[in-house]
Structures are given as C-alpha cells and as structure tokens.
Amino acid sequence: MVYQNLLIENKGRIQYIVINRESKLNALNKDTLYELHIALGDALYDKEVGGVIITGAGAKAFVAGADIAEFKGLSMKAALHLAHENQKNIFDLIENFGKPIIAAINGFALGGGLELAMACHIRIASDNAKMGLPEVTLGLIPGYGGTQRLTNLVGKGKALELILTADMITAAEAYQLGLVNHVVSQDGLLVKAEEILNKILSKAPLAIAGAITAVNAATRNEGNGFETEMEEFAKCFGTADLKEGIAAFLEKRKPSFKGK
Ligand code: COA
C-alpha cells in the first residue's frame with residue numbers, strides 16, 4: 001500500500017511508523033487512522049519486523065490530537081461508532097500487539113496523540129515534548145482510551161487533574177509522573193528508542209509477547225490478571241526458545257532465539 005499520511009522505514013528488525021501530516025501537526029484524521037491500522041497489521045505479520053517505533057514527522061509534534069475538523073457535525077451514534085472502531089483497530093491493537101512498540105514523542109502529544117503514545121508499551125520523550133488531554137476545552141472527553149490509560153499510568157488523582165484542567169505538561173513533568181519512561185535530547189530521541197528496542201529484540205520473542213499480554217491483564221478490568229500471567233508463563237514451556245534460553249544459560253553462552 002502507498003501511504004499518504006505515514007512514512008514507513010525499516011532499520012534492521014525495527015520498523016519506523018512516522019505520522020506524516022506535518023502541516024496539521026500530525027493530527028489523526030480518518031485517512032491517517034485507516035493507514036495506521038493497515039500499517040500495524042502489516043508490521044504484525046511481517047516476519048522481518050521485530051518491533052515498531054512510532055513517531056511524528058518534523059520537530060514540532062508527535063501528534064497534536066484527533067483531527068478536530070472531522071468532529072464537526074458528528075452525531076452521537078457516529079461518535080460511538082468512531083470511538084469503538086478506532087479503539088479496537090488502533091489503540092487496543094497497539095496495546096495488545098505481539099511485538100514491542102515504542103512511542104518516540106518528539107513534540108506535542110495532545111488528545112489522541114497522547115492516547116496513541118499511552119497505548120504503546122514504552123514512551124520516550126524529547127525534552128521539548130508537551131503532553132496533555134485538552135479535550136474538555138472543546139467540550140469533549142478523551143475517546144481513545146485516555147481516561148483509562150492515563151489513570152493506569154499516573155493514578156486517579158493526577159489523571160483527573162490533567163483531564164479536568166486540560167493542562168499541558170512538559171516532558172520533565174511527564175517523567176516525574178511516570179507518564180514517560182525517559183526524557184532525552186531531541187537528537188538523542190531515536191537513538192534511545194532504538195537502544196531500548198534492540199535490547200528487547202535480543203530476547204525471546206514469544207516470551208516478550210506473553211509478558212505484554214500478562215502485564216496488560218493487570219490494567220484492564222476484565223478477567224483475572226494472575227490467571228493470565230499463569231497461562232502465559234505456562235505457554236513459554238511449549239516453546240523452543242525457552243529450551244534454548246535454559247541451555248544457553250547452563251552452557252554459559254548467548255542464546256539464539258528463533259521465535260518458536
Ligand atoms: N486537529 C486539526 N488540526 C490541527 C490540530 C488538530 N488536533 N492541531 C493542530 N492543527 C492544525 C491547525 O489547525 C493549523 O492548521 P492551519 O495551518 O491549516 O490553520 C496547524 O495544525 C498548525 O497548528 P497551529 O495551531 O497553528 O500551531 P500552534 O503552534 O499555534 O499551536 C497547538 C500548537 C498544538 C497548541 C495547537 O495547534 C492546538 O491546540 N491544537 C489542538 C490540540 C487539541 O486540542 N488536541 C485534542 C483534540 S481532541
């Protein structure tokens with residue numbers, strides 16, 4: 001597929017997905033969301049891709065939110081459909097992705113932009129990044145998981161303060177809250193994201209996928225997270241990678257994982 005609003009670039013086993021609508025601060029319009037869904041599906045099934053880094057084009061914005069212009073005239077029914085479809089096809093897809101996904105937040109991450117970053121497994125921010133959920137300013141609330149994921153990441157009190165005041169916070173403040181894992185210089189952003197992703201890619205892929213599933217189970221109000229962890233733990237014993245990992249440890253050598 002030829003993308004109009006995304007740039008896709010592979011670097012070794014890392015795939016970059018770059019939101020590329022710089023003139024609109026990479027705001028997520030319908031077409032971009034559709035392309036993101038297709039690109040993520042491709043990345044998931046592409047055996048050459050071990051993990052993904054999502055970032056925004058240009059130096060100003062990661063993603064400045066859902067495209068506000070497209071909200072004009074939307075009915076309640078259409079809004080519910082939109083939220084359902086995009087939550088399932090993009091935000092939940094990212095959260096439950098069987099490969100690690102890192103958000104490299106290179107500027108404004110607002111509304112749907114912060115929701116996109118929060119769905120990713122790890123967030124790295126450059127020191128110029130600004131984050132917030134400003135929806136109430138428009139007479140709206142977050143609709144792509146923001147109320148749930150922000151609460152999970154920073155706790156109810158801070159989440160309510162940020163959502164109710166619509167305050168924008170700096171990268172340093174986001175780090176203090178645990179909203180981002182690291183803050184680095186603008187030049188160092190992708191270097192740091194690649195460093196972390198490459199470290200993850202050196203581990204057993206099926207174990208990484210199982211760990212993502214089990215950790216996610218702790219933050220969703222469905223099922224029993226401990227049960228999920230036990231199931232994912234047990235699944236590892238059916239993999240060749242675990243045999244290899246144990247053998248490598250006992251033989252004092254580096255493991256060679258095959259994702260099987
Ligand atoms: N949806 C649609 N267009 C957006 C957008 C969004 N979420 N965010 C920015 N844009 C567009 C602007 O309309 C402008 O387009 P134009 O040049 O055709 O007029 C362009 O991107 C540049 O934005 P601008 O507002 O001129 O930049 P700025 O530096 O003055 O301000 C922001 C930057 C991020 C503070 C400001 O753009 C903003 O508040 N955006 C909306 C953030 C938001 O509420 N997101 C949640 C949506 S639910």
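The values are calculated or read from the model by the stated rules, or taken from the named source; none is laboratory data. Source: prediction; values computed, not measured. Neighbour counts run over all protein chains shown; Cβ positions are idealised from the backbone, glycine included.
Odds and ends about this structure:
- Within the range 247-259, residues that are farther than 15 Å from S202 by Cα and in contact (Cβ under 8 Å) with a residue 24 or more places away in the chain have Cβ atoms under 8 Å from residues that are exposed (fewer than 11 other Cβ atoms within 10 Å of the Cβ) and among the aliphatic types (A, V, I, L, M) in no pair, counting only partners at least 6 apart in sequence or on another chain.
For every residue, the table says whether it meets (1) farther than 30 Å from T147 by Cα; (2) polar (S, T, N, Q); (3) over 25 Å from the mean Cα position of the chain (by Cα); (4) not assigned by TED's automatic domain parsing to the domain that holds Q15.
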site	(1), (2), (3), (4)
Q186	no, yes, no, no
G210	no, no, no, yes
G225	no, no, no, yes
E229	no, no, no, yes
C236	yes, no, no, yes
G245	yes, no, yes, yes
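- Tally of residues being polar (S, T, N, Q) and free of Cβ contacts under 8 Å to residues at least 40 places away in the same chain across the range 46-85: 1
- Every residue from the range 67-77 that is surrounded by fewer than 11 Cβ atoms within 10 Å (Cβ to Cβ) and over 15 Å from P142 (Cα atoms): A69, K72, G73, S75, K77
- Tallying residues that are in contact (Cβ under 8 Å) with a residue 40 or more places away in the chain and hydrophobic (A, V, I, L, M, F, W, C) within the range 193-234 yields 10.
- Of the residues making up the range 119-142, those that are within 14 Å of the ligand (Cβ to nearest atom) and in contact with a helix residue (DSSP H, G or I) (Cβ under 8 Å, 6 or more places away or on another chain) are N128, A129, K130, M131, G132, L133, E135, V136, L138, L140, I141, P142.
- Some residue of the range 44-53 being under 26 Å from D127 (Cα atoms) and in contact with a Leu (Cβ under 7 Å, 6 or more places away or on another chain): yes
- K88 being among the charged types (D, E, K, R), free of Cβ contacts under 8 Å to residues at least 40 places away in the same chain and within 16 Å of the ligand (Cβ to nearest atom): no
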